[in-house]
Amino acid sequence: MTEHPLNAVAAAERIGIHRRTLSRWLQSEGTSFKRIADEARFGVAKQLLADTNMSLAEISAALGFSEPAAFTHAFRRWTGTTPSSWREKLLEVERPCSSERTDGTRLPQRHRSRNRGRNRAGLINVQARSGKA
């Protein structure tokens with residue numbers, strides 16, 4: 001994320017309003033800066049868990065948590081499961097659909113020819129479509 005995590009005061013200053021005004025606006029919308037920040041952290045956490053091989057410690061640091069245990073605690077609060085379990089389940093779901101093997105090599109792709117049923121000139125072969133040879 002950033003070297004200096006964004007807080008409510010900094011966010012209010014960035015948009016040119018007082019922190020209390022920001023809090024009132026967010027409260028009128030039924031939310032808070034903390035809730036929005038947590039949602040953003042959760043979104044980034046899911047993306048990093050799904051799309052990278054970063055360790056939990058690296059993800060924890062990137063999200064600005066004081067230690068990996070704090071990240072695990074927050075993730076469990078968000079999802080009811082640990083980040084490592086969530087990542088494992090995600091990999092189990094994606095594995096059958098993936099074009100990569102567990103050893104990192106790619107599986108052969110099966111492509112249908114765009115010219116199936118067409119002759120060399122690209123015209124539709126009526127005999128091929130009707131099943132007549």
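The values are calculated or read from the model by the stated rules, or taken from the named source; none is laboratory data. Since the structure is predicted, the reported quantities are computational estimates derived from the model, not experimental observations. FYI the Cβ positions are ideal-geometry reconstructions off the backbone, even for glycines, and counts take in every protein chain you see.
Here are some residues: R14, R41, R35. Which one is more than 25 Å from the chain's Cα centre (by Cα) and in a helix (DSSP H, G or I)? Don't jump to the end; show me each part of the working.
Numbers: R41 fails: more than 25 Å from the chain's Cα centre (by Cα); R35 fails: more than 25 Å from the chain's Cα centre (by Cα).
Among R14, R41, R35, only R14 is more than 25 Å from the chain's Cα centre (by Cα) and in a helix (DSSP H, G or I).
If I go through segment 60-80 residue by residue, how many of them are surrounded by fewer than 13 Cβ atoms within 10 Å (Cβ to Cβ) and under 14 Å from K46 (Cα atoms)?
2
Is there any pair linking a residue in segment 12-30 that is charged (D, E, K, R) to one that is exposed (fewer than 13 other Cβ atoms within 10 Å of the Cβ) and part of a helix (DSSP H, G or I), with Cβ under 7 Å and at least six apart or on different chains, and which?
Qualifying pairs under 7 Å: R19/V9.
Can you tell me which residues in segment 17-32 are under 27 Å from the mean Cα position of the chain (by Cα) and surrounded by 12 or more Cβ atoms within 10 Å (Cβ to Cβ)? Step through it out loud before you land on a result.
Step one: of segment 17-32, the residues under 27 Å from the mean Cα position of the chain (by Cα) are 26, 29-32.
Matches in segment 17-32: L26, T31, S32.
Can you confirm whether segment 59-80 contains a residue that is at pLDDT 95 or above and farther than 30 Å from V9 by Cα?
Yes, because at least one residue in segment 59-80 is at pLDDT 95 or above and farther than 30 Å from V9 by Cα.
Looking at segment 69-81, is at least one residue part of a helix (DSSP H, G or I) and either within 13 Å of the chain's Cα centre (by Cα) or farther than 22 Å from L6 by Cα (or both)?
Taking segment 69-81 and keeping what is part of a helix (DSSP H, G or I), we get 69-79.
Among the residues that remain, those that are also either within 13 Å of the chain's Cα centre (by Cα) or farther than 22 Å from L6 by Cα (or both) are: 76, 79.
There is at least one residue in segment 69-81 that is part of a helix (DSSP H, G or I) and either within 13 Å of the chain's Cα centre (by Cα) or farther than 22 Å from L6 by Cα (or both).
Looking at segment 33-41, is at least one residue modelled with pLDDT under 95, surrounded by 12 or more Cβ atoms within 10 Å (Cβ to Cβ) and on the phi > 0 side of the Ramachandran plot?
No, there is no match, as no residue in segment 33-41 is modelled with pLDDT under 95, surrounded by 12 or more Cβ atoms within 10 Å (Cβ to Cβ) and on the phi > 0 side of the Ramachandran plot.
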